[in-house]
Amino acid sequence: MRVSIITFPGSNCDHDAAEVFASRGHQTSMIWHKDSQLDNPDLVILPGGFSYGDYLRCGALARFSPIVKELVFFAKRGGYILGICNGFQILTETGLLPGTLLMNKGLRFICKHQYIKVESADSPFTKHLIPGTIMDIPIAHKEGNYFIDATGHKALQDRDQIVFRYCDAHGMVNKEANPNGSLDNIAGIINTGRNILGMMPHPERAATDSVCSQDGKLFFEAVEKYFEHGA
Amino acid sequence: MLKAKIFVQLKPSVLDPQGKAVSNSLSQLGYENVIDTRISKYIEISFDSKDKSQTTKQVDKICTSLLANPNTETYHFELEEL
């Protein structure tokens, strides 16, 4: 796989993401936000961090970076994009994904292990995961409280766009297992074209032997299967 | 010169956790008649222009394209001559 990772000023999970893909034998390219080309990738990663210091709203200013024009063009052609944490926020602010990430209900920055459940296998990223699979994937954010109006929420449900929900260790999706007040425990969604995934949890922080949870490997294995062995 | 005084507010349907926290603090301070608090953003932008009509259009565009997120926020503003 060829994976391009975009670094915005303030991104801080770009090298973590690149390292995971590189260690799994994939070709990675670091793309600076002022670049104009994506280097012909199979997959683009918008990494976590604090692009533009989270000024105004998280992800709001990144959308004016020169590379985003090419990113939108890539997206419209059906190119695959994965936005993690701040990357998810950038995707909503750019209009490539619906909804908004608001401040956590508890007002605090949350950095902890969190169980999430695969809700839809109808995406290139989860096609090779069984719905109901529970994964321990860390979260680290202050603005991860997903919000969309009632019409938008119904559309997400009707079109099977909710890919991950926060749950407990047994897979129960309820208020107690919701870390940030996110609507309907939403942790990750896909666009209607099913080529752009945004998720608040960090699978790249749970995919190397040196960390507590290895569950992110399940996710990356599934992504690899899709890209390397076809749909 | 014109100065735009812009308020960006969360829509009433959107939960405002900061406002809730302030309400709770006010209640602890003894202000028992406080029903609700909403936190907004206040932004000032100065323009080298005297044309109120044109600047109004410009501020509208600035608000819809950047300052307010239409999913969750509304805005209003006033122009002041300096």
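Coordinate-derived values only; no laboratory data. Here the structure is a predicted model, which is why all the values come from computation and not from measurement. Cβ: placed from backbone, ideal geometry, glycine included. Neighbour counts: every protein chain shown.
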Partner aspartates and glutamates for B:LYS3 [C-alpha distance under 14 Å; skip if fewer than 8 residues away on the same chain]: B:GLU44, B:ASP48, B:ASP51, B:ASP60, B:GLU78, B:GLU80, B:GLU81
Those lysines that a straight Cα-Cα span of less than 20 Å connects to A:LYS175, excepting residues fewer than 8 apart in one chain: A:LYS105, A:LYS112, A:LYS117, A:LYS142, A:LYS154, B:LYS20
Karplus 3J(HN,Hα) series, Hz, for segment A:44-51 with 6.51 cos²θ - 1.76 cosθ + 1.60 (x for Gly, Pro): 10, 10, 9, x, x, x, 9, 4
Whole-number percent relative contact order across chain B, with pairs defined as alpha carbons under 8 Å at least 6 apart: 54 percent
A:MET30-A:THR208 FRET efficiency (beta carbon distance; Förster radius 25 Å; 0.05 resolution): 0.85
Projected label distance in nm at A:LYS76 and B:ARG38, using a 7 Å step from Cα toward the beta-carbon: 3.5 nm
Whole-angstrom gap from segment A:119-136 to segment A:75-102, using each part's C-alpha centre: 19 Å
Segment A:1-47-segment A:151-180 distance, computed between alpha-carbon centres (Å): 28 Å
Inter-probe distance in nm under a simple model that places probes 7 Å from Cα toward Cβ, at B:THR74 and A:GLU224: 5.2 nm
Choice from A:LEU101, A:LEU43, A:LEU61 showing the highest fluctuation, given a GNM over chain A with Cα pairs closer than 10 Å: A:LEU61
Among beta bridges that DSSP assigns inside segment A:2-229, antiparallel share in %, nearest 5: 55 percent
Shape call, segment A:114-231: gyration tensor on alpha carbons, a/c limit 1.5: oblate
Net charge dipole size for segment A:45-158 [Lys, Arg +1 and Asp, Glu -1 on Cβ; Debye, nearest 20]: 120 debye
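What does the charge count near A:ILE162 come to, summing +1 for each Lys or Arg and -1 for each Asp or Glu among other residues with Cβ under 11 Å from its Cβ? Numbers along the way, then the final one.
Details: positive: A:LYS117, A:ARG159, A:ARG165; negative: A:GLU119, A:ASP122, A:ASP158, A:ASP160, A:ASP184.
Neighbour charge sum, excluding A:ILE162 itself: -2.
Within segment A:77-169, list the trypsin sites (Lys or Arg not before Pro) lying in a DSSP loop whose Cβ has at most 13 other Cβ atoms in a 10 Å radius.
Numbers: sites: A:ARG77, A:LYS105, A:ARG108, A:LYS112, A:LYS117, A:LYS127, A:LYS142, A:LYS154, A:ARG159, A:ARG165; in loops: A:ARG77, A:LYS105, A:ARG108, A:LYS127, A:LYS142, A:ARG159.
Sparse-neighbourhood loop trypsin sites (Lys or Arg not before Pro): A:ARG77, A:ARG108.
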In order through segment A:120-129: 3J(HN,Hα) via Karplus (6.51 cos²θ - 1.76 cosθ + 1.60), integer Hz, x for Gly, Pro: 9, 9, 8, 7, x, 7, 10, 4, 9, 10
Cα-based shape type of segment B:2-81, given that a ≥ b ≥ c are square roots of the gyration tensor eigenvalues and the cut on a/c is 1.5: prolate
Under 14 Å, Cβ to Cβ, from B:VAL14 - net charge with Lys/Arg +1 and Asp/Glu -1: +1
For segment A:133-138, 3J(HN,Hα) per residue [Karplus equation, 6.51 cos²θ - 1.76 cosθ + 1.60, θ = phi - 60°, Hz, x = Gly/Pro]: 4, 9, 10, 8, 10, x
Assigned charges on the beta-carbon of Lys, Arg, Asp, Glu; chain A dipole about Cα centre (debye): 440 debye
Spin-label pair A:SER23/A:ASP122, simplified geometry with 7 Å Cα→Cβ offset, distance in nm: 3.5 nm
Farthest toward positive dipole pole in segment A:2-229 [+1 Lys/Arg, -1 Asp/Glu at C-beta], among A:VAL163, A:ALA222, A:ILE90: A:ILE90
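Loop only per DSSP, at most 16 neighbouring Cβ atoms within 10 Å: give me the chymotrypsin sites (Phe, Trp or Tyr not before Pro) in segment A:79-130, ordered by residue number.
Details: sites: A:TYR80, A:PHE88, A:PHE109, A:TYR115, A:PHE125; in loops: A:PHE109, A:PHE125.
Hits after loop and neighbour filter: A:PHE109.
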Interchain or long-range residues, amide H under 5 Å from A:ARG165's placed H: A:LYS117, A:GLU119, A:ALA187
Over chain A: helical MRE at 222 nm, DSSP H runs n ≥ 4 each giving -39500 (n - 2.57), nearest 500: -7000 deg cm²/dmol
Rounded if a/c under 1.5, otherwise prolate or oblate - the protein assembly as shown, Cα gyration tensor axes: oblate
